[in-house]
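One structure is given below, encoded as C-alpha cells.
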Amino acid sequence: MISPLFNPILMPFIIAMFLAITMGGSGTGPSFSAAYGANVIRKSVIPGLFGIMVFLGAFVAGKGTASTIGKELLDPQMMTITIVSIILFAVAISLLIANLAGIPQSTSQSTVMAVSAVAIYYNEFNSSKLFVEIIPSWFILPVVAFFISLFIGKYIYRPMRKRGLTMPRAQNENLKPVWDVLLVLMSCYVAFSIGSNNVANASGPIASMTANELNLPSNDNFIIIMILSTLIIAPSFGIGSSIFGHKIVKNTGKEIVLFGKFEAVIIAFVSASLLLLASVTKGIPTSLVQLNVAAILGIGVAKLGIKSVFTKIEVKRFFYMWLIAPVIAFLLTLVLIWLVDIYNFSF
C-alpha cells in the first residue's frame, strides 16, 4: 500500500517521464544526426548510446541548469504538485507536436516559457534572469555556432580539400576506423551535453516540488533530490529516442545537406561545446537543437552557398516549429493555470 503522501507526487513524476520520452526523441537528432548522416552508425545502436550519455551528462554537469529551472525563474516555494504537473504537461505536449512533425525542438525554450507563464500569472516573474541572461543566449549562441562552422568550413576545410590534404587521408582505409570512432565519440559528447542541459527541464521542477512536499530546505537537499529525480527521469530519454529518433535523425542528418566525416566532427564539436559551456558556467537552459542545426547550416553555406541552403523546405519548417512550440507551451500553461485558479483545483 503506497503512503498517501506519495500518491499525488506520482502524477508529476509520471508526466516528467512522459516529457523525458519526448525530449529523448527531440534530442536524438542533434546528437547522432551527424554520425548517421555520414553513415558510420546504425540507427539501432543510437538509442542505447544516447540514453547512457544523457544520464552521465545530467549526473556530472546538470546541477546549474537544474537550479535555474527549478529555483531561479520562479520562487521554488510555488513549485507545488499541481503547478509542476501543468508545466511539465504543457512542455510535453508542445514537444510531442514537434516530434510528430519530425522537427527537432528546443526543450529548454519550451520549459522556460512554461515556467515564465506561471510566474507572470502569479506576479512572480524574474524578468532580469530571463531577459538579461537566458533569451540573449538563445539568439547569440546559434549565431556563434553558425559562424564558427562557416569559418572552419570555408577557410580551413575547403583549402585543405583543394590542396589534397584532407580527402585522401579521410578515404585511406587505414584511417577509416579512426574517423568512424572519432565521429561516434563526438556524437556521444553531444548527448552528454544534452544531459547537462535538458534533463534539468524535468528534474529541476521535480526536485523543488519534492523538497516542498517533504518540507525539506531546498538549498540543503536540492542536489540529493535532483540526483534521485535524474535516476528516475534520465532513462526515459533512451525510450523516446527509440520511438521518435529515427525520423528526426533522418531529417537533420540526411535532408538538410550531405556532409562528410570531417565536417560532421566539426558540427558535433561546435554545438556540444557551446551548450556545455552554457550549462556549466551560467546554468543557462538553451537549445542544442538550434546550435546543431546552425552548425549544419554553417557547413552547408560553406559548401553550397547561402541561397542553396536557406531555400530548402526543411530549413523553413525548422524555423516555423521553433517559433510555434514555445508559444504552445506558454499559452497552454497559462490556460491551465487560469482554470486551476478559477475552479480551485489541485492534485
Please give the number of the condition S242 fails out of (1) part of a helix (DSSP H, G or I); (2) modelled with pLDDT under 85; (3) in contact with a Leu (Cβ under 7 Å, 6 or more places away or on another chain). (3)
Criterion: under 17 Å from Q290 (Cα atoms) and modelled with pLDDT of 80 or more - qualifying residue of N201, N215: N201
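Residue-wise test of (1) touching a helix residue (DSSP H, G or I) at 6+ places or on another chain (Cβ under 7 Å); (2) at pLDDT below 90.
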site: I21; (1), (2): yes, yes
site: F32; (1), (2): yes, yes
site: I41; (1), (2): yes, yes
site: V45; (1), (2): no, yes
site: G48; (1), (2): yes, yes
site: G51; (1), (2): yes, yes
site: G70; (1), (2): yes, yes
site: T82; (1), (2): yes, no
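The values are calculated or read from the model by the stated rules, or taken from the named source; none is laboratory data. As the structure is a prediction and not an experimental result, all values here were calculated from the model. Neighbour counts run over all protein chains shown; Cβ positions are idealised from the backbone, glycine included.
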